[in-house]
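Worksheet: one structure, shown below.
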Amino acid sequence: MLSLEQEVGAWDSVLLEPLTEDTFIGNLQQRFKRDHIYTYIGNVLVSVNPYKKLALYSTDLVETYVKRGPFQLPPHIYAIAGSAYRWLNDRNEDQCIIVTGESGAGKTEAARIVLQFLVLVSGDISEVKLMKDRLVQANTLLEAFGNARTMKNDNASRFGKFLDIEFDYKGDPVSGHLTHSPPFQARVTSLSPGDRNFHIFYQLLSGADIHLLKCLKLQRNVEHYTILQTNRNQPTLTDDEDKKLFVYTKSALEILGFNVEDIVDIFQVIAIVLKLGNLQFVPCNNIDGTEGCAISNEYELFEICELLGAEHRWLQRALTSRQIEDGILTDLSAYEASKARDNLCRTLYSRLFTWLINKINEILKVRFNIGPKNVK
Ligand SMILES: Nc1ncnc2c1ncn2[C@@H]1O[C@H](COP(=O)(O)OP(=O)(O)O)[C@@H](O)[C@H]1O
Ligand SMILES: [Mg+2]
């Protein structure tokens, strides 16, 4: 039976006497040692990442927290989500839950737990179920395309996100809207030592079947792709997790209503970004003595053109020269061309991401005419 009596230390920091930084941290530490990762400061919840699975999340616990007031049970993120949901329904007030902390603190997990809570407490008719499923799948997609494994965090979000969910008068989610904060695409072509690129690249390489790989003109081997290498020489590998997650990502796309052509297009852009990143430029001298450059691995360019549906001559010129005046071109040096290549990779990836978010927002748009109530 859950009760506040079994709590270790002070469950609400405002009860500490005296309340200093030392007593505050000491209290968090004392609680953390006994797996009490949540502590209040008044109506703010502090959460310390346990980095291990704790028996803190279940349908039964959600039900317990829904029934009781926030300060009658041990501190929990369910209590925060429950209060927001109750205030939304009982007081008809818009609600916003702000999750903040440094990288690896547990923000993404916390947001996911809040979403799971809302899914469990709201209605069960088929339209509501469909919307809830879409909200959860939208999250899966965002993580595949917007998160990466870093030294600090296996699932680090590379962008800020704001999910707006609209509820009807019964407290059921009927629409959603995502806003993301750019810029994050620099990561596509410049990895910090030990970090990986966005999950989707590894998911695709390890999860795609041979037929799809062939269609995309890709090799399964991660080491083949420059943009998947830390410092451009040390590869960060795929594993079984990537293979498993590719199945989830693909089914999330399907559940959200992306059609087969859309899905192939998305993977094609990923393949193009991977292959573009491999283009190598070598310096060469023009007849007039100026420096230019040539692409040393032309076969990649031919394959990219096939995937892009672009003409080889056109893309080659776009990558190795720039326009200085109307119709007048000047050659790029090998260094400048490699910068242009990186820019193109990033632009393609970030446009794909924005396109995905726009598509998801269309899918999450309100279907029924309902009064506005928000949990953000
Ligand atoms: N409540 C939790 N219980 C267990 N593990 C957690 C919890 N919160 C975070 N983690 C672990 O820590 C990792 C980083 O958390 P995450 O939410 O991605 O951090 P952030 O979004 O703040 O950078 C997660 O991948 C997970 O392994
Ligand atoms: Mg995160």
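In the set 333, 338, which member is at pLDDT 95 or above and either basic (Lys, Arg) or farther than 21 Å from residue 216 by Cβ (or both)?
Going through 333, 338 in turn, the sole match is 338.
Go through the stretch 121-239 and tell me which helices (runs of 4 or more DSSP H), entirely inside it, have 2 or more residues that are modelled with pLDDT under 90.
Passing ranges, in order: 126-146.
Collect the residues in the stretch 140-183 that are within 11 Å of ligand 1 (Cβ to nearest atom) and of a type in the set (Ser, Thr, Tyr), keeping them in residue-number order.
150, 157
I'd like to check something: does the stretch 273-281 contain any residue that is loosely packed, with under 14 Cβ neighbours inside 10 Å, farther than 30 Å from residue 137 by Cβ, in contact with a strand residue (DSSP E or B) (Cβ under 8 Å, 6 or more places away or on another chain) and not aromatic (Phe, Trp, Tyr)?
So the first thing to find is which residues in the stretch 273-281 are loosely packed, with under 14 Cβ neighbours inside 10 Å, and the list is none.
Scanning the stretch 273-281, I find no residue that is loosely packed, with under 14 Cβ neighbours inside 10 Å, farther than 30 Å from residue 137 by Cβ, in contact with a strand residue (DSSP E or B) (Cβ under 8 Å, 6 or more places away or on another chain) and not aromatic (Phe, Trp, Tyr), so the answer is no.
Here is a yes/no grid of residues against (1) of a type outside the set (Lys, Arg); (2) closer than 22 Å to residue 117 by Cβ; (3) away from ligand 2 (no atom under 14 Å from the Cβ):
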{"position": "137", "(1), (2), (3)": "yes, yes, yes"}
{"position": "154", "(1), (2), (3)": "yes, no, no"}
{"position": "158", "(1), (2), (3)": "no, no, no"}
{"position": "161", "(1), (2), (3)": "no, yes, no"}
{"position": "166", "(1), (2), (3)": "yes, yes, yes"}
{"position": "176", "(1), (2), (3)": "yes, yes, yes"}
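Which one of the conditions (1) under 21 Å from residue 14 (Cα atoms); (2) more than 16 Å from ligand 2 (Cβ to nearest atom); (3) modelled with pLDDT of 90 or more does residue 71 fail to meet, given that it meets all the rest?
(3)
For the subset of the stretch 41-77 comprising residues that are more than 16 Å from ligand 1 (Cβ to nearest atom) and hydroxyl-bearing (Ser, Thr, Tyr), which member is farthest from residue 28 (Cα to Cα)?
Here is the first cut: in the stretch 41-77, the residues more than 16 Å from ligand 1 (Cβ to nearest atom) are 41-44, 59-60, 63-64, 66-73.
Filter once more, keeping what is hydroxyl-bearing (Ser, Thr, Tyr): 59, 64.
On the way: 59: 26, 64: 24 Å.
Of everything passing the filter in the stretch 41-77, 59 is farthest from residue 28 (Cα to Cα).
Looking at the stretch 78-105, which of its residues are among the polar types (S, T, N, Q), away from ligand 1 (no atom under 12 Å from the Cβ) and either on the phi < 0 side of the Ramachandran plot or surrounded by 13 or more Cβ atoms within 10 Å (Cβ to Cβ) (or both)?
83, 89, 95, listed by residue number.
When the stretch 3-48 is examined, which residues are found to be surrounded by 13 or more Cβ atoms within 10 Å (Cβ to Cβ), touching a residue at least 60 places away in the same chain (Cβ under 8 Å) and not aromatic (Phe, Trp, Tyr)?
7, 12, 47
Checking residue 169 against (1) over 16 Å from the mean Cα position of the chain (by Cα); (2) farther than 30 Å from residue 67 by Cα; (3) hydroxyl-bearing (Ser, Thr, Tyr), which test does it fail?
Result: residue 169 passes all but (2).
Looking at the stretch 53-77, which of its residues are surrounded by fewer than 16 Cβ atoms within 10 Å (Cβ to Cβ), without any contact (Cβ under 8 Å) to a residue 60 or more places away in the chain and either assigned to a helix (DSSP H, G or I) or among the small types (Gly, Ala, Ser) (or both)?
Passing the criteria: 55, 58, 60, 63, 67, 69.
The values are calculated or read from the model by the stated rules, or taken from the named source; none is laboratory data. Treat the numbers as computed from the prediction; the structure is a model and nothing was measured. Cβ sites come from the backbone with ideal geometry, for glycine too, and all protein chains shown count toward neighbours.
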